[in-house]
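First up is the structure itself, then whatever we jot down about it.
The values are calculated or read from the model by the stated rules, or taken from the named source; none is laboratory data. All values derive from a computational prediction rather than experimental measurement. Cβ coordinates were reconstructed from backbone atoms using ideal geometry, including for glycine residues, and neighbour counts include every protein chain displayed. Keep in mind that these areas ignore ligands, DNA and RNA; they rest on the heavy atoms of the full protein, side chains included. Shrake-Rupley method; radii C 1.70, N 1.55, O 1.52, S 1.80 Å.
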Amino acid sequence: MPGMKKLALVLAAFGLLAGGALTVEARTKKGDQYYAQGQQAEQQRDFTKALEAYEKALAEDPGDILYQMAARRMRFQVGQAHVDRGEKLRSEGNLEEALIEFRQAFEIDPASPIAAQEIRRTLDMIEQQKGLKKPLPPEERGLTPAERARWEADRRLASVMSIPQLKPLSPTLMSFKANNQPPRVIIETICKLAGINPIFDPDQAVQGQFRTPVMSVEWTNITIEEALNFIATQARLFWKPISQNAVFITVDNQNKRREVEEQVTRVFYISNVSAQNDLNEIRTAIQQMTGATRVAVSMAQNAIIIRGTADQVALAEILVRNLDRPKAEVVVDVVLMEASRTGSQTLSAALSSAGGTGISIPITYTPRGAAANSTGTRLNQLSRTSSADFSVVLPGGILEALMKDGSVKILQSPQVRAVDGMKATLKVGDRVPYSTGGFQPAFGQVGGTGFASLYNQFQFIDTGVTVDITPKIHGDDEVTLHVELTVSSVKERIDIAGISQPVVGNRNIVHDIRLREGEVNLLGGLVQSQESKTIAGVPGLSSIPVVRRLFTSEKIERSESELLIALIPRIIRTPDLDELSFKGVAVGSETSAPRLMYAPRRDDGAAAGGQSAPAGVVSAAPAEPPKPAGPPAVSFSPAAVEAQPGGEVTVALRMENAVDLFSVPIILKFDPNVLQLEDVSRGDFLSGDGREVLFTRNILNTTGDVKMMLSRMPGTGGISGSGTLVTLTFRVVGQGVTTVSAPQLVFQDSRGQTLLTASPQLRVTIK
């Protein structure tokens, strides 16, 4: 009976444990199913569905840390997705829809500071724009306060004028002749013919500087700039444009030029220079060639800033264009071939002791009896010591005839890519440690003095093959290589105070070679040969001419090695030189500041070189946009379709007779039990002029909602005409008759005004 009771208790306890285990297993199994569904949805980038699954798993077991972490991660992902959509909607000017997205993000993830921040920012923007008398255009309505400040700063900077350039009514003067006229009269006459207003320096006009000397001129096919330059050269005058149709004329001297000549500040961003020395070289060249004294370098932006006259800055631009070019590059194939051969020959016929050739008979004291149990021998026992207390080891014999022969071949073929004038290094080998510790004599040692190590420090030395190549590329097919070759290896090791130290041997080659592309250059002659002979035997007996062969051991070792290196250059980039690289530029005299001359412009149909268009040729006026054939309208094409169960339905949403259409927000609704939207593609209407179009879409097949946004980029204006906005592809999943509707489509023009409000419908019949 006691045994049966114990058995019953054990079975009861086992049943309780098993029941508890089954209960826990059932609860966690359901949570794991939801967790697996969430993982699958997360892999498909459906974060909303993944969050729902993780929340269900967490509801099954709120204390599971794995479920908590997964749900927290998905709250962040879904909330961030709503924030991103809200920012995109706000940038398009849809503040109310953006506010909805931000609030959804905050409801999903209350710990998101960005969602709370964007809610406050969007509410402030809505409140600020409520008090405006005129609504802002879409490209300005979605700007945050910081973005608006930057936008206004960009507009202000963009409005800063550069140096004015003359734009005469006619770029050429067919003919002009004047006899014995003062410079002022000639200047006023040619400026009047070109539609230019001359303004003379009042200080010099009082002194009569523009009335002498009297000159006669006769020109044919000359531009206004050339005419002014000719007169300025003859009369020692200086002129500059102060607007597109006005010039200022004064006397030409250094003080007056410094007083009235325009200064220009320009930043040149250097794209092909990375080293500071190269950037400083370009700066020095600009200063020396242009005479500009205010030239600065910005290493952070890899830029050069210059301030000088317009001609100095233009000349600096020419220099930067020629100097800021990609450097030539070369790839050098380095082929390393090393062959080594070693051989050894050993002949031995001699007595052998202690593993070596020769006679070595050690006598060892091996006491007997009581003396054998102690570490020494007592003095009172010396009288009992005899030859029986000593032992010797007799020598043996060795007979050996051995020969070894081996060869090794090593082939390596790395590639080295180097920029013109910059060193490239190739290292193939090992790093061998060696000690750099200090030593001092150790006194008091029995048998003499030795060395004791004070401390041990280890460093590493590179062994193997090191190739340093500095190329200089000449044109398209030749290159000069400065080659520094080092071949090092551990020849042997020596023992210093119990530490094995390597002995490294080096072989170096330094030379310059000029090769054609693809030409092979061989670096040979690095040959090393070594032979050693070792004789060991019994002294005296090993010197007898014939008998010595029986008492000696002879070992001969031979080793040979040869290193052959081949260099094959291949030019992969050459200097990018164009026509401007070989063009000479006229900059004026040596004593004057740079003065550039420009070729006649092709303005108003005039041909280059100062020739006007042929007589009788009338330039075509820009064509006016065609007037719309009727009022704007939007509809599905076709408006009604028939389909089979499981088939596809493809329709287009078209715009007719649009005028300055800019943005198209589209919201579609359909029955998800009958239709599923497979794909939405953008039509070619809004991008008909080649401009970029913003296109976003959000398809919710579970609820039958589709949100799309078509908008042209800010500053590109609207587009007129007719065409396809979007193409929709539905898959039939049910039966019956259903409709696809687009309630309250509101189309806007480039000024933010409502162009059209419509509600088109598509009728779908499934047979």
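Those residues that are part of a helix (DSSP H, G or I), open to solvent by less than 40 Å² (accessible area, probe 1.4 Å) and at pLDDT 75 or above, I need them from region 193-207; list them, please. If the condition is that a residue be part of a helix (DSSP H, G or I), open to solvent by less than 40 Å² (accessible area, probe 1.4 Å) and at pLDDT 75 or above, then Ala194 is the only one that fits.
Anything in region 644-682 that is small (Gly, Ala, Ser) and at pLDDT below 90? List them, or say none. Residues satisfying the conditions are Gly646, Gly647, Ala658, Ser663, Ser681.
Out of all the residues in region 287-294, is one or more without any contact (Cβ under 8 Å) to a residue 60 or more places away in the chain and in a strand (DSSP E or B)?
First pass over region 287-294, keeping only residues without any contact (Cβ under 8 Å) to a residue 60 or more places away in the chain: 287-289, 292-294.
With the extra rule that they be in a strand (DSSP E or B), the set shrinks to 294.
Looking for residues that are without any contact (Cβ under 8 Å) to a residue 60 or more places away in the chain and in a strand (DSSP E or B), one finds at least one in region 287-294, hence yes.
Hey, any hits in region 241-248 for a residue that's under 48 Å from the mean Cα position of the chain (by Cα), assigned to a loop (DSSP other than H, G, I, E, B) and over 30 Å from Val419 (Cβ atoms)? Yes: region 241-248 contains one or more residues that are under 48 Å from the mean Cα position of the chain (by Cα), assigned to a loop (DSSP other than H, G, I, E, B) and over 30 Å from Val419 (Cβ atoms). Only strands (runs of 3 or more DSSP E) whose full extent lies in region 637-742 are considered here, and the ones with at least 2 residues that are closer than 26 Å to Arg85 by Cα and open to solvent by 20 Å² or more (accessible area, probe 1.4 Å) are 648-669, 675-682, 693-700, 705-712, 719-732. On the basis of being loosely packed, with under 11 Cβ neighbours inside 10 Å and modelled with pLDDT of 80 or more, does Ile469 make the cut? The answer is no for Ile469.
From Gly63, Gly93, Gly86, which residue is within 22 Å of Thr696 (Cβ to Cβ) and either touching a Lys or Arg at 6+ places or on another chain (Cβ under 7 Å) or surrounded by fewer than 17 Cβ atoms within 10 Å (Cβ to Cβ) (or both)? Steps first, answer last, please.
Values: Gly63 fails: within 22 Å of Thr696 (Cβ to Cβ); Gly86 fails: either touching a Lys or Arg at 6+ places or on another chain (Cβ under 7 Å) or surrounded by fewer than 17 Cβ atoms within 10 Å (Cβ to Cβ) (or both).
It is Gly93.
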